[in-house]
Amino acid sequence: MGTDRFDVLREQVRGRVLEEDDPEYDIARSVYNGMIDRRPAAVLRASQVADVIAAVRFARGLGIEVAVRGGGHSAPGFGTVDGGLVLDFSALRGVRVDPVARTARVEPGATWADYNHATHAFGLASTGGIIGSTGVSGLTLGGGIGYLTRKYGLACDNLLSADVVLADGTFLTASEAANVDLFWALRGGSGNFGAVTSLEFRLHPVDMVHVGLMFFDAALGADIGAAYRDWIAAEPEEMGAFLGFHQGPPVPFLPEEWHGRPVAVIAGMWTGDLDAGPAHWQSMLDAGPALGSFFAPMPYPALNIMFDGLSGVPGLQGYWKADFLRTLSDDALRVAVQYSPGIPSVHSANHFYPIDGAVQRVAPEATAFAHRDVNFAPVIAAQWPDSADNEANIAWVRNYWAALHEYSEPGGYLNFQDADDQSRIEDTLGSNYARLTEIKAKYDPDNFFHVNQNISPAPAAAAPATAATPPAGMESTLEAAAQPSIPPEAAPTV
């Protein structure tokens, strides 16, 4: 089946090339966001790196767009493209752990559930996402926020190397020892510089954790949020927990009359001594009348997949917005409470993630992720089942974001932004944007990889003629994370 146009590609790859007449085409073209309904000319289910090299060269020669799909969770649907070629990595999900070196080598289609399952066998982990079905590569390239952020930094801070297929089909490895400018750009610059075919991470001892979930009436969210703000700042970095606003989920420890009603949530884990866990949660339990709560020791991977049935459901309609907050101010909390009655569904999430601790011990210029002096990353991630509600729910997200943005920083977390946030790219990448455009011009001067939150290549005259030298702060980011916090007076404004 298929057209003559893609027969040349079929002869060059081992993976399947699916076109419109293939019975699996509709499944192959779909992504998690059900609002995205694009029809690529073909989908290549890559089976190895050689397929990726051949596909990039083929698409470039044919002059068609390419979308790269790992986990497929991109809210704007960047894992697919109308009329182009999708590089689908879903069959490449291997994870190889070296327990002695405490490293893991990950294929580009692996999810965080895959990764955590593999590393947990050795009592190891590194910062990953909140949802198990999220792709490892996409989350990492955009920064990577998770429960372990305060203790071990962003996912990209734990990246040791990456294999990349460039826009001309060249294959190379980027690390702190080779192609250091590209390695710098990959850690927060997203998929702008090539198709990443393998990632290597540093691992840390994380095994059983003490999980906590607490629900409060959303009407009390300003007081609960203020208590959370003070509590998380005082807690050791072994505490990783976020503040959220939801519709009450149908869980047994929340009274049924609160199912579907607006609630404030504290959720996360204590990674220190398990016996000490209950004492560390107590201050938040005392912050107000809890509607319900759950506390238990459990394996770290179990927490990572706990919310997959709510926020990791494929096919829901979805629209997202994001910001950075220097502090979780009373005004920001007031806005959150004001908009909580409009939360579209039980699948929706409005979270405020703490990004202090180890994140702030990495210099803003050490990686492409520049926002190292803010304390919270809020996301308004609305998801709902019925497309008839799209207009109303998108309006709710936009209005909420506009109100919250008044108290936010100019930029926002790349992985939480939607397609209409492209105009914010310079603010989102902050003080590192100019350097990223130069590196883009070096490795992808024609902007071949542009189905993403796109960084335009710098004009040719501004592009560096040779490999750039490592920027200040290019020392191992995890070694930097172990050092004392950057003094406020030394932290540049972004």
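The values are calculated or read from the model by the stated rules, or taken from the named source; none is laboratory data. Just so we're clear, the structure is a prediction, and the values are computed from it rather than from any experiment. Cβ atoms come from the backbone with ideal geometry, glycine included; neighbour counts cover every protein chain shown.
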**Request:** Collect the residues in the range 272-324 that are in a strand (DSSP E or B) and surrounded by fewer than 20 Cβ atoms within 10 Å (Cβ to Cβ), keeping them in residue-number order.
**Result:** Gly292, Ser293, Phe294, Phe295, Ala296, Pro297, Met298, Pro299
**Request:** Taking Ala441 as meeting all but one of (1) surrounded by 21 or more Cβ atoms within 10 Å (Cβ to Cβ); (2) touching a residue at least 24 places away in the same chain (Cβ under 8 Å); (3) in a helix (DSSP H, G or I), write down the number of the exception.
**Result:** (2)
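Quick grid of which residues meet (1) hydroxyl-bearing (Ser, Thr, Tyr); (2) in contact (Cβ under 8 Å) with a residue 12 or more places away in the chain; (3) farther than 15 Å from Phe449 by Cβ:
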residue: Asp157; (1), (2), (3): no, yes, yes
residue: Gly169; (1), (2), (3): no, yes, no
residue: Thr173; (1), (2), (3): yes, yes, yes
residue: Asn179; (1), (2), (3): no, yes, yes
residue: Leu182; (1), (2), (3): no, yes, no
residue: Gly188; (1), (2), (3): no, yes, yes
residue: Gly191; (1), (2), (3): no, yes, no
residue: Ala195; (1), (2), (3): no, yes, no
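Hey, among Val86, Val97, Val43, which residue is assigned to a strand (DSSP E or B) and surrounded by fewer than 21 Cβ atoms within 10 Å (Cβ to Cβ)?
Details: Val86 fails: surrounded by fewer than 21 Cβ atoms within 10 Å (Cβ to Cβ); Val43 fails: surrounded by fewer than 21 Cβ atoms within 10 Å (Cβ to Cβ).
Checking each option against the conditions leaves just Val97.
This table checks each residue for (1) more than 17 Å from the chain's Cα centre (by Cα); (2) surrounded by 24 or more Cβ atoms within 10 Å (Cβ to Cβ); (3) of a type in the set (Lys, Arg); (4) at pLDDT below 95.
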| position | (1), (2), (3), (4) |
| --- | --- |
| Thr149 | no, yes, no, no |
| Leu154 | no, yes, no, no |
| Asp157 | no, yes, no, no |
| Glu176 | yes, no, no, no |
| Asn192 | no, yes, no, no |
| Ile232 | yes, yes, no, no |
| Phe242 | no, yes, no, no |
| Gln247 | yes, no, no, no |
| Pro252 | yes, no, no, no |
**Item:** The listed residue being touching a residue at least 60 places away in the same chain (Cβ under 8 Å), under 24 Å from Gln48 (Cβ atoms), assigned by TED's automatic domain parsing to the domain that holds Ile27 and under 12 Å from the mean Cα position of the chain (by Cα), out of Gly135, Gly71, Gly84
**Value:** Gly71
**Prompt:** Are there any pairs with C-beta distances below 6 angstrom linking a residue in the range 13-26 that is exposed (fewer than 14 other Cβ atoms within 10 Å of the Cβ) to a residue that is at pLDDT 95 or above, with the two at least 6 apart or on different chains, and if so which?
**Reply:** Arg14/Ser47; Glu24/Leu18
**Message:** Residues that are over 30 Å from Ile27 (Cα atoms), at pLDDT 95 or above, touching a Gly at 6+ places or on another chain (Cβ under 9 Å) and in a helix (DSSP H, G or I): does the range 338-347 have at least one?
**Reply:** yes
**Request:** Six or more apart or on different chains, Cβ under 7 Å: which pairs go from a residue in the range 284-300 that's without any contact (Cβ under 8 Å) to a residue 12 or more places away in the chain to one that's part of a loop (DSSP other than H, G, I, E, B)? Could you list them?
**Result:** none
**Asked** Mind checking whether some residue in the range 311-320 is touching a helix residue (DSSP H, G or I) at 6+ places or on another chain (Cβ under 6 Å), assigned by TED's automatic domain parsing to the domain that holds Gln417 and of a type in the set (Val, Ile, Thr)?
**Response** no
